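Q: One structure coming up, written as structure tokens, with questions to follow.
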Amino acid sequence: MALLDELLDKRCRLIDYECVREGGGGSTARLIAFGGFAGKAGIINGLRGLGLRLLGQGYSTPFLAIGPAYSYQDYNQAKQALAEVGGQIATGGLPAAVSPLVTTICGTGNVSKGAIDALGSLGDVVRWVTPAELPGLTSLHGTEGEHQRHVYACVVGTEHLVAHGEVHEGSPHSPHSPHAAGAHRDSRPFERSHYYANPHEYIPTFHATIAPHTSLLVPTMYWDRRFPRLLTLEQLAELRASGNSRLLAVADLTCDVGGAVESLVRSSTIDAPYYVYDVEARAERTDGLDGNGVLMMGVDILPSELPKEASQHFGDLLFPFVSPLTTRGAPLPAELAGATIVDAGRLRPAYQYIQAMREAYDRSQEAAQAEAAARGGMHLTPQQLLALEGSTVLSLPHGPQAATPCTQAATPCTLAANLCIRAATLCTEAATLCKSPGALTARSPLQPPYAPRLQPYANHQVPSLHGHLFSHPMHRGCNPVQITRCSHCTATCSTRE
């Protein structure tokens with residue numbers, strides 16, 4: 001954020017080209033994007049990684065002839081190399097043990113289109129199939145036949161990843177189970193807009209309907225934590241435990257670490273693009289690309305591996321906007337105005353949220369430092385106490401490991417963040433408060449789904465309330481919304497959103 005501060009201080013103008021959209025709207029089509037090149041370079045590198053992974057399992061395939069995307073003079077040369085590999089597959093085939101080989105591209109945007117173009121460069125050897133055809137291909141797994149001379153490809157959209165339904169907590173068919181889709185889905189038709197607005201009404205199905213039939217998985221679509229993952233660690237482990245080891249590699253072109261594909265535990269680099277995630281050990285392997293697991297690729301600057309075309313593409317799209325940028329006093333077109341983050345020493349209205357994010361980050365950092373100090377037995381400064389007050393830190397050590405030993409308290413009160421007292425204050429103050437429950441107040445509880453789940457505090461351990469904050473209403477900024485009683489003292493404790 002130091003750069004942002006400099007821009008604000010010097011009253012510079014900052015325009016984010018990724019935010020240049022048609023008409024300057026916040027949700028209209030982007031006009032300057034590199035996604036297609038990420039898809040092209042991603043498939044080249046993904047197929048190369050697949051060849052290396054198969055070599056580690058003892059299979060020599062034509063994919064070994066594919067070089068890194070950056071090693072080709074341009075994209076056309078890379079396409080020629082892919083075409084030669086396709087010809088070798090058509091002639092000599094692939095090992096029966098890994099056939100039929102299926103590449104699944106998740107998403108239908110610009111990244112997906114680039115991936116489709118690159119994969120199609122293999123030539124007539126590619127057979128495009130629908131999701132409904134995948135189980136039939138899996139039935140041929142391990143057998144010899146014409147399917148060994150093809151690379152099968154399937155493009156799946158959002159409608160193939162989830163379904164209307166409900167998963168009850170504690171059900172044997174949880175969202176992590178390969179059987180969840182059949183257990184709880186209903187027959188309502190999929191509507192993309194409804195899904196984006198109500199993701200909680202949907203259950204994941206990809207792990208049950210697509211993943212078991214996929215050899216190379218290529219995620220290309222946007223994902224955030226509101227939505228079900230494509231493949232969780234639990235789902236991947238259950239798939240392997242069932243005897244299905246069809247998934248050989250994941251080329252995550254979105255590079256969402258711990259995101260849609262949870263086994264992408266870190267990003268990788270252009271010079272070291274691959275690593276193997278050991279499903280059983282739940283950890284990255286450190287012995288190269290051999291051994292049990294799934295090959296992972298998560299390079300976040302893929303377009304730079306096709307620099308010639310990517311640069312030309314960027315220049316062509318940006319050029320129409322150059323004139324108003326170079327003319328002093330000229331008004332910005334709507335597309336550039338909508339992409340302007342900083343101007344005249346201020347954040348533009350559409351980007352005011354950045355300041356709130358910065359403040360929240362600063363508070364979380366201060367709270368983390370204060371918690372670390374408390375855990376280390378250090379005396380907390382007033383600033384650290386204030387950082388903890390209202391933070392999302394829910395508990396601190398108690399007893400001998402507390403910031404201030406609870407030797408002076410009438411009861412061994414836990415030094416918890418905002419639990420009846422200001423976080424980590426002296427236990428003598430806690431004891432005083434515990435003797436004066438009448439000083440505490442409570443308001444009507446929030447209605448679900450906002451009301452936190454409360455439970456008795458056993459042995460003065462503070463339960464996790466999914467990010468809800470403990471607070472004492474005497475302190476600044478408190479807004480108690482529901483109360484419960486500590487099982488080991490007379491203090492009435494409150495929680496707030």
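The values are calculated or read from the model by the stated rules, or taken from the named source; none is laboratory data. The structure presented is a predicted model; accordingly, all values stated were derived computationally and were not measured. Using ideal geometry, Cβ is built from the backbone for each residue, glycine included, and neighbour counts are taken over all protein chains shown.
Q: Filter the stretch 231-258 down to residues that are out of contact with any Lys or Arg (no Cβ under 8 Å at 6 or more places or on another chain) and within 20 Å of GLY35 (Cα to Cα), then give me how many there are.
A: 7
Q: With respect to LEU94, determine if the residue is part of a helix (DSSP H, G or I), modelled with pLDDT of 95 or more and surrounded by 15 or more Cβ atoms within 10 Å (Cβ to Cβ).
A: Working: part of a helix (DSSP H, G or I): no; modelled with pLDDT of 95 or more: yes; surrounded by 15 or more Cβ atoms within 10 Å (Cβ to Cβ): yes.
When the stated conditions are applied, LEU94 does not pass them.
Q: Got a sec? Which of ALA38, ALA33 is under 30 Å from ALA337 (Cβ atoms), out of contact with any strand residue (DSSP E or B) (no Cβ under 8 Å at 6 or more places or on another chain) and assigned to a loop (DSSP other than H, G, I, E, B)? Full working, then the answer.
A: Working: ALA38 fails: assigned to a loop (DSSP other than H, G, I, E, B).
So the residue among ALA38, ALA33 that is under 30 Å from ALA337 (Cβ atoms), out of contact with any strand residue (DSSP E or B) (no Cβ under 8 Å at 6 or more places or on another chain) and assigned to a loop (DSSP other than H, G, I, E, B) is ALA33.
Q: Please give the number of the condition TYR222 fails out of (1) at pLDDT 95 or above; (2) under 22 Å from the mean Cα position of the chain (by Cα).
A: Condition (1) is where TYR222 drops out.
Q: Yes or no: ALA132 more than 13 Å from PRO62 (Cβ to Cβ) and without any contact (Cβ under 8 Å) to a residue 12 or more places away in the chain?
A: Numbers: more than 13 Å from PRO62 (Cβ to Cβ): yes; without any contact (Cβ under 8 Å) to a residue 12 or more places away in the chain: yes.
When the stated conditions are applied, ALA132 passes them.
Q: While we're here: Would you check which residues across the stretch 305-342 are of a type in the set (Gly, Ala, Ser), loosely packed, with under 12 Cβ neighbours inside 10 Å and either under 27 Å from the mean Cα position of the chain (by Cα) or closer than 17 Å to VAL20 by Cα (or both) and list them? It would help to see each step written out before you state the result.
A: Keep residues of the stretch 305-342 that are of a type in the set (Gly, Ala, Ser), which gives 310-311, 315, 323, 329-330, 334, 337-339.
Applying the additional criterion that residues be loosely packed, with under 12 Cβ neighbours inside 10 Å yields 315, 323, 329-330.
Within the stretch 305-342, GLY315, SER323 qualify.
Q: Given the conditions (1) at pLDDT 95 or above; (2) not assigned by TED's automatic domain parsing to the domain that holds GLY109; (3) not aromatic (Phe, Trp, Tyr), report the number of the one that GLY329 does not fulfil.
A: Here GLY329 meets the rest and fails (1).
Q: Would you pick out the residues in the stretch 4-29 that are more than 23 Å from VAL322 (Cβ to Cβ) and either at pLDDT 95 or above or not in a loop (DSSP other than H, G, I, E, B) (or both)?
A: Going residue by residue through the stretch 4-29, those that are more than 23 Å from VAL322 (Cβ to Cβ) are 4-6, 8-9, 26-27.
Those that are more than 23 Å from VAL322 (Cβ to Cβ) and either at pLDDT 95 or above or not in a loop (DSSP other than H, G, I, E, B) (or both): LEU4, ASP5, GLU6, LEU8, ASP9.
Q: Take the stretch 276-304 and flag every residue that is outside any strand (DSSP E or B), touching a strand residue (DSSP E or B) at 6+ places or on another chain (Cβ under 8 Å) and surrounded by 13 or more Cβ atoms within 10 Å (Cβ to Cβ).
A: Passing the criteria: VAL279, ARG285, LEU289, ASP290, GLY291, ASN292, GLY293, GLY298.
Q: State the number of residues belonging to the stretch 111-131 that are closer than 22 Å to TRP223 by Cβ and out of contact with any strand residue (DSSP E or B) (no Cβ under 7 Å at 6 or more places or on another chain).
A: Within the stretch 111-131, the first condition is being closer than 22 Å to TRP223 by Cβ, and the residues that meet it are 111-116, 118-119, 131.
Subset that is out of contact with any strand residue (DSSP E or B) (no Cβ under 7 Å at 6 or more places or on another chain): 111, 113-114, 118.
The number of residues fulfilling the criteria is 4.
Q: For LEU64, are the conditions met, namely being of a type outside the set (Asp, Glu) and in contact with a strand residue (DSSP E or B) (Cβ under 7 Å, 6 or more places away or on another chain)? Spell out how you get there, then give the answer.
A: Details: of a type outside the set (Asp, Glu): yes; in contact with a strand residue (DSSP E or B) (Cβ under 7 Å, 6 or more places away or on another chain): no.
No; evaluated as a whole, the condition is false for this residue.
Q: Considering (1) assigned by TED's automatic domain parsing to the domain that holds GLY26; (2) more than 17 Å from ALA2 (Cα to Cα), say which one SER364 fails and leave the rest.
A: So SER364 meets the others, but not (1).
Q: Next up: Keeping to the stretch 208-246, report how many residues are of a type in the set (Val, Ile, Thr) and either outside the structural domain of VAL279 (by TED's automatic domain parsing) or surrounded by 22 or more Cβ atoms within 10 Å (Cβ to Cβ) (or both). Before the answer, list the steps.
A: In the first step, residues of the stretch 208-246 are kept if they are of a type in the set (Val, Ile, Thr); the result is 209-210, 214, 218, 220, 232.
Adding the requirement that they be either outside the structural domain of VAL279 (by TED's automatic domain parsing) or surrounded by 22 or more Cβ atoms within 10 Å (Cβ to Cβ) (or both) leaves 214, 218, 220.
Number of matching residues: 3.
Q: A further question follows. Out of the residues in the stretch 106-136 that are in a helix (DSSP H, G or I) and of a type in the set (A, V, I, L, M), which is farthest from VAL151 (Cα to Cα)?
A: Going through the stretch 106-136, the residues in a helix (DSSP H, G or I) turn out to be 110-120, 131-136.
Checking which are of a type in the set (A, V, I, L, M) leaves us with 111, 115-116, 118-119, 132, 134.
Values: VAL111: 20, ALA115: 14, ILE116: 13, ALA118: 13, LEU119: 9, ALA132: 17, LEU134: 13 Å.
Looking at the filtered set, the residue picked out is VAL111.
Q: I want to confirm something. Restricting to the stretch 343-368 and keeping residues that are part of a helix (DSSP H, G or I) and touching a residue at least 60 places away in the same chain (Cβ under 8 Å), which single residue is surrounded by the fewest Cβ atoms within 10 Å (Cβ to Cβ)? Break it down stepwise before answering.
A: Initial filter on the stretch 343-368 (part of a helix (DSSP H, G or I)): 349-351, 353-368.
Within this subset, residues satisfying the condition of being touching a residue at least 60 places away in the same chain (Cβ under 8 Å) are 350, 354, 358.
Working: ALA350: 15, ILE354: 15, ARG358: 13.
By that ranking, first place goes to ARG358.
Q: Of everything in the stretch 137-186, what is farther than 16 Å from PRO212 by Cβ, outside any loop (DSSP other than H, G, I, E, B) and modelled with pLDDT of 95 or more? Give them in sequence order.
A: Within the stretch 137-186, GLU146, HIS147, GLN148, ARG149, VAL151, ALA153, VAL155 qualify.
Q: Further, regarding this structure: Could you please tell me which pairs satisfy a Cβ distance under 6 Å, a separation of 6+ or placement on different chains, a first residue in the stretch 186-213 that is more than 30 Å from LEU248 (Cβ to Cβ), and a second residue that is part of a helix (DSSP H, G or I)?
A: ARG192/THR158
Q: I need every pair where a residue in the stretch 45-59 that is assigned by TED's automatic domain parsing to the domain that holds ARG246 has its Cβ under 6 Å from the Cβ of a residue that is modelled with pLDDT of 95 or more and in a helix (DSSP H, G or I), sequence separation at least 6 or different chains.
A: Close Cβ pairs satisfying both conditions: ASN45/ALA69; LEU47/PHE63; LEU50/PHE63; GLY51/PHE63; GLY51/LEU64.
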